[in-house]
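Contents: one structure, followed by commentary.
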Amino acid sequence: MKITGDYRLMKKINKYLVLDMIRKHFPISRADISARTGLNKATVSALVNELIESGFASETGLGESSGGRKPMMLLFNERAGFAIGVDLGVNYMLAVLTDLSGRVVKQKKIELAELEAGAVTSKLKKTIRALIADVPPSPYGIIGIGVGVPGLVDDQGSVLSAPNLGWADVPLQTVLADEFGLEVVIDNEANAGALGEKEFGAGQHVSNLLYISVGMGIGAGIILHDALYRGVSGFSGEVGHMALAQDGPLCGCGNRGCWETFASEKALLLHAQTAVAAIRPAAEPDDGSGDAEVSVGLDMLIRLARQEDSQAQQVFAETGRWLGTGIANLVNVFNPELIVIGGPLSLASAWIKEAVHESLDKRSLAYHRSRTSVAYSQLGHTSGALGAASLAIQRFFSSMKATWE
C-alpha cells in the first residue's frame with residue numbers, strides 16, 4: 001500500500017506532526033505550524049481543532065503580529081496525562097511522576113538493602129502504586145511506566161543479565177504490565193539517562209552525545225544523530241566492561257581489568273577502605289579499641305571532601321583519573337560533541353573534574369578532543385528516572401498515532 005494513496009494514514013501522520021510541533025514549540029500559532037511543517041493552513045486548522053477537542057492543545061490568547069492580524073496562540077496541555085519513570089540502581093530506587101513534558105510532579109526514593117529480584121519488584125510495585133494514588137485528575141491519567149535497569153534488556157522487556165543486581169532472565173515488563181494493566185517500557189538505565197539529558201538536560205542542543213552513568217557499575221547511553229544507538233542486538237553501551245588492564249581486579253562479569261573495577265562507585269569505595277584511619281573521624285565513634293569497622297559510603301566521602309579532607313579528595317582524584325582514561329577511549333572511537341557524566345559519582349564532580357580532564361586531555365587524540373565538551377548531569381540524580389518517563393511518553397504518542405482516525 002502506498003502511503004501517498006492512503007488518506008487515513010496521511011491524516012494520522014499529519015496529525016502527529018502537528019501535535020509534535022505544538023509539544024516542542026508552544027506557544028505557537030497555526031500559521032507558524034503551517035510554515036514549519038509545509039502543511040496548508042486549512043489542514044493545520046482542522047487538525048488543531050481535533051487536538052483541542054481531544055484535550056492535547058488549547059488556545060491561549062493573541063500573539064505578536066507580524067504585519068497582519070494578531071494570531072491566536074496554541075499551548076500543549078502538559079497535564080493531559082502523566083507518566084511514571086523509575087531509575088533502578090544497585091542500592092536505591094528513584095521513581096518520578098511527570099507530566100507529558102517531563103516536569104516532575106512527585107518523586108520517591110528508597111534505599112535497597114536486598115537485591116533479590118522478587119524483593120526488588122515487590123518494592124517497585126509498592127512505589128509505583130503510591131505514585132499512581134497521587135496522580136492529579138487528567139483526561140488520560142497514567143499513560144505508561146518506564147523503568148531503567150543496570151543490565152542487559154531484550155526487546156520484550158526482560159532483564160537478561162544484571163550482574164551488579166545478581167539478576168538473570170527476569171521478565172520485568174510482563175510482571176509490571178500484568179500488575180498495573182498499563183503500557184510498560186524497560187530499558188538499560190544508561191540509555192534512559194542519555195534520553196533524559198537529551199530531552200531535558202545538558203544534551204538538548206547537540207546531536208551526538210555519550211552519557212556515562214557512573215554508579216556501582218558504569219554504562220553508556222549513546223546518542224548519534226539525535227537517536228539512541230542500540231547496536232545490532234540492542235545491547236550497546238556496556239562500556240564498563242571495556243578492558244583497561246589485562247591482569248586487573250576481577251569484575252562481576254567474570255573478566256579482569258574492566259573499566260568499572262577502576263572508576264565506578266564500587267571501585268571508589270573499595271579504594272576508600274584503605275583510608276579508614278582518615279575516614280574514622282566522620283563515622284560513628286568506636287569503643288576505643290580501634291577495631292570498630294567503618295562503613296564507607298559516597299555521602300561520607302563527599303562530606304569529608306567538603307571539609308577539605310586530603311585523603312578523601314585524593315581518593316576522588318584517583319577515581320577521576322581512571323574515569324578520564326576510559327572516557328578518552330570513547331572520545332577516540334565516537335568523536336562526540338558532548339560527554340555527559342551522570343549517575344551517583346557525578347555528585348562528586350567538584351573533586352573528580354580536574355583529574356578527569358587531565359587524563360582525557362593526555363590520552364585522547366587532539367583532533368577528536370578539540371570539539372568534544374564534557375559536562376556533568378544537569379538533572380542530577382533524576383536523569384535516569386526522567387529518561388525512563390520519556391520512554392513511556394514516546395511510546396504513548398507513537399501508539400496514539402497508530403490508533404487515530
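The values are calculated or read from the model by the stated rules, or taken from the named source; none is laboratory data. If you're wondering where the values come from, they're calculated on a predicted model, not measured in any experiment. Cβ placement follows ideal geometry from the backbone for every residue including glycine, while neighbour counts extend to all protein chains displayed. To get the accessible areas, we keep the full protein, side chains included, count just its heavy atoms, and leave off ligands, DNA and RNA. Shrake-Rupley method; radii C 1.70, N 1.55, O 1.52, S 1.80 Å.
The residues on offer are Phe235, Phe200, and the sole one that is more than 22 Å from Arg363 (Cβ to Cβ), surrounded by fewer than 17 Cβ atoms within 10 Å (Cβ to Cβ) and either modelled with pLDDT under 95 or of a type in the set (A, V, I, L, M, F, W, C) (or both) is Phe235. Evaluation of Ala392 against the conditions (1) of a type in the set (A, V, I, L, M, F, W, C); (2) closer than 20 Å to Val214 by Cα; (3) open to solvent by less than 70 Å² (accessible area, probe 1.4 Å) shows that the sole unmet condition is (2).
Of the residues Ile22, Ile13, the single one that is in contact (Cβ under 8 Å) with a residue 12 or more places away in the chain, β-branched (Val, Ile, Thr) and either surrounded by 15 or more Cβ atoms within 10 Å (Cβ to Cβ) or on the phi > 0 side of the Ramachandran plot (or both) is Ile22. Within the range 111-158, the set of residues being modelled with pLDDT under 95, farther than 29 Å from Ser236 by Cβ and surrounded by 13 or more Cβ atoms within 10 Å (Cβ to Cβ) is empty. Taking the range 387-405 as the range and being assigned to a helix (DSSP H, G or I), at pLDDT below 90 and not charged (D, E, K, R) as the test, the residues that pass are Ser398, Ser399, Met400, Ala402, Thr403.
Considering (1) in contact with a Ser or Thr (Cβ under 8 Å, 6 or more places away or on another chain); (2) of a type in the set (A, V, I, L, M, F, W, C); (3) within 27 Å of Arg103 (Cα to Cα); (4) part of a strand (DSSP E or B), the lone condition that Ala168 does not fulfil carries the number (3). Checked against (1) farther than 19 Å from Gly157 by Cα; (2) in a helix (DSSP H, G or I), Ser101 passes all but a single condition, namely (2).
Quick check on Gly290: is it of a type in the set (Gly, Ala, Ser) and at pLDDT below 95? It is true that Gly290 is of a type in the set (Gly, Ala, Ser) and at pLDDT below 95. For the range 177-197, what are the residues that are crowded, with 24+ Cβ neighbours inside 10 Å and farther than 15 Å from Val149 by Cβ? Residue satisfying the conditions is Glu197 alone. Determine whether the range 63-80 contains at least one residue that is open to solvent by 60 Å² or more (accessible area, probe 1.4 Å), in contact (Cβ under 8 Å) with a residue 40 or more places away in the chain and either in a loop (DSSP other than H, G, I, E, B) or touching a Phe, Trp or Tyr at 6+ places or on another chain (Cβ under 9 Å) (or both). Scanning the range 63-80, I find no residue that is open to solvent by 60 Å² or more (accessible area, probe 1.4 Å), in contact (Cβ under 8 Å) with a residue 40 or more places away in the chain and either in a loop (DSSP other than H, G, I, E, B) or touching a Phe, Trp or Tyr at 6+ places or on another chain (Cβ under 9 Å) (or both), so the answer is no. Looking at the range 376-386, is at least one residue at pLDDT below 95, within 21 Å of the chain's Cα centre (by Cα), surrounded by fewer than 18 Cβ atoms within 10 Å (Cβ to Cβ) and assigned to a helix (DSSP H, G or I)? Yes, there is a match, as at least one residue in the range 376-386 is at pLDDT below 95, within 21 Å of the chain's Cα centre (by Cα), surrounded by fewer than 18 Cβ atoms within 10 Å (Cβ to Cβ) and assigned to a helix (DSSP H, G or I). For the range 297-312, give me each residue that is open to solvent by 20 Å² or more (accessible area, probe 1.4 Å) and either of a type in the set (Gly, Ala, Ser) or part of a loop (DSSP other than H, G, I, E, B) (or both). Across the range 297-312, the qualifying residues are Gly297, Gln307, Glu308, Asp309, Ser310.
Can you find a residue that is out of contact with any Asp or Glu (no Cβ under 8 Å at 6 or more places or on another chain) and open to solvent by 40 Å² or more (accessible area, probe 1.4 Å) anywhere in the range 207-223? Within the range 207-223 (the criterion being out of contact with any Asp or Glu (no Cβ under 8 Å at 6 or more places or on another chain) and open to solvent by 40 Å² or more (accessible area, probe 1.4 Å)), the answer is no, since none of the residues qualifies.
When Ile341 is tested against (1) crowded, with 22+ Cβ neighbours inside 10 Å; (2) touching a Gly at 6+ places or on another chain (Cβ under 6 Å); (3) within 16 Å of Ser264 (Cβ to Cβ), exactly one condition is not met: (2).
For Ser161, the criteria (1) in a loop (DSSP other than H, G, I, E, B); (2) in contact with a strand residue (DSSP E or B) (Cβ under 9 Å, 6 or more places away or on another chain); (3) modelled with pLDDT under 95 hold in every case but one, which is (1).
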